[in-house]
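Asker: Let me give you the structure first, and then I'll get to my questions.
The values are calculated or read from the model by the stated rules, or taken from the named source; none is laboratory data. Keep in mind that this is a model prediction, so the values were computed, not measured. Here Cβ is always computed from backbone atoms with ideal geometry, including for glycine, and neighbour counts include all displayed protein chains. Just so you know, the surface numbers come from the protein's heavy atoms only, side chains and all, with ligands and any DNA or RNA stripped out. Shrake-Rupley method; radii C 1.70, N 1.55, O 1.52, S 1.80 Å.
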Amino acid sequence: MNTGKVPDSIRTTNLIGIKAGLTRTDFLEIWMVVVHDRIFARSWGLAEKSWYNCFLENPQGQISCDGNIYDIEAIIPSDIHDLTDEINDAYLTKYNSDHNIRYSKAIIRKEHISRTMEIIIKDL
């Protein structure tokens, strides 16, 4: 399976399925963006059982993109602060429709920025 096409798919797909950890059975559809060919996601929900918090406990999971399922690892990258402005811009650019713009403006706020993870596709 060619995982190199995943960033291209994420650039053009609004909702990507994600499973955090190894015990979840269903994919949750979330927003993801690509910056420098790296995949990022921010948690909208601030709940204790959110996908973000699950990944903090166990970084293994999966994404569903273009009909394929990929094993992933979710990390907080060491250069996240250097990329924050570009990630914000990516959200505002990708999710700029009339329906989404109010949510994209919200997801670039401090409480959501602090819940940003990089999604790393594992080699299959």
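Asker: Do we have any residue at all in the range 56-65 that's in contact with a Ser or Thr (Cβ under 9 Å, 6 or more places away or on another chain), assigned to a loop (DSSP other than H, G, I, E, B) and under 28 Å from residue 101 (Cβ atoms)?
Answerer: Within the range 56-65, none of the residues are in contact with a Ser or Thr (Cβ under 9 Å, 6 or more places away or on another chain), assigned to a loop (DSSP other than H, G, I, E, B) and under 28 Å from residue 101 (Cβ atoms).
Asker: Could you give every pair whose Cβ atoms fall below 8 Å, whose first residue belongs to the range 36-54 and is over 19 Å from residue 71 (Cα atoms), and whose second residue is in a loop (DSSP other than H, G, I, E, B) and among the hydrophobic types (A, V, I, L, M, F, W, C), counting only separations of at least 6 or pairs across chains?
Answerer: 44/31
A quick yes/no check of all residues on (1) open to solvent by 20 Å² or more (accessible area, probe 1.4 Å); (2) in contact (Cβ under 8 Å) with a residue 24 or more places away in the chain:
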position: 64; (1), (2): yes, yes
position: 70; (1), (2): no, yes
position: 81; (1), (2): yes, no
position: 87; (1), (2): no, yes
position: 94; (1), (2): yes, yes
position: 97; (1), (2): yes, no
position: 102; (1), (2): yes, no
position: 114; (1), (2): yes, no
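Asker: For residue 17, which of the numbered conditions (1) touching a residue at least 40 places away in the same chain (Cβ under 8 Å); (2) under 25 Å from residue 102 (Cβ atoms); (3) open to solvent by 30 Å² or more (accessible area, probe 1.4 Å); (4) part of a strand (DSSP E or B) fails to hold?
Answerer: (3)
Asker: Scan the range 39-54 and give yes if some residue there is surrounded by 18 or more Cβ atoms within 10 Å (Cβ to Cβ) and part of a loop (DSSP other than H, G, I, E, B), otherwise no.
Answerer: Yes, there is a match, as at least one residue in the range 39-54 is surrounded by 18 or more Cβ atoms within 10 Å (Cβ to Cβ) and part of a loop (DSSP other than H, G, I, E, B).
Asker: Looking at 69, 119 in this structure, which one is touching an Asp or Glu at 6+ places or on another chain (Cβ under 9 Å), part of a strand (DSSP E or B) and not aromatic (Phe, Trp, Tyr)?
Answerer: It is 119.
Asker: Another one. Looking only at residues in the range 20-34 that are at pLDDT 90 or above and open to solvent by 20 Å² or more (accessible area, probe 1.4 Å), which one is farthest from residue 96 (Cα to Cα)?
Answerer: 26
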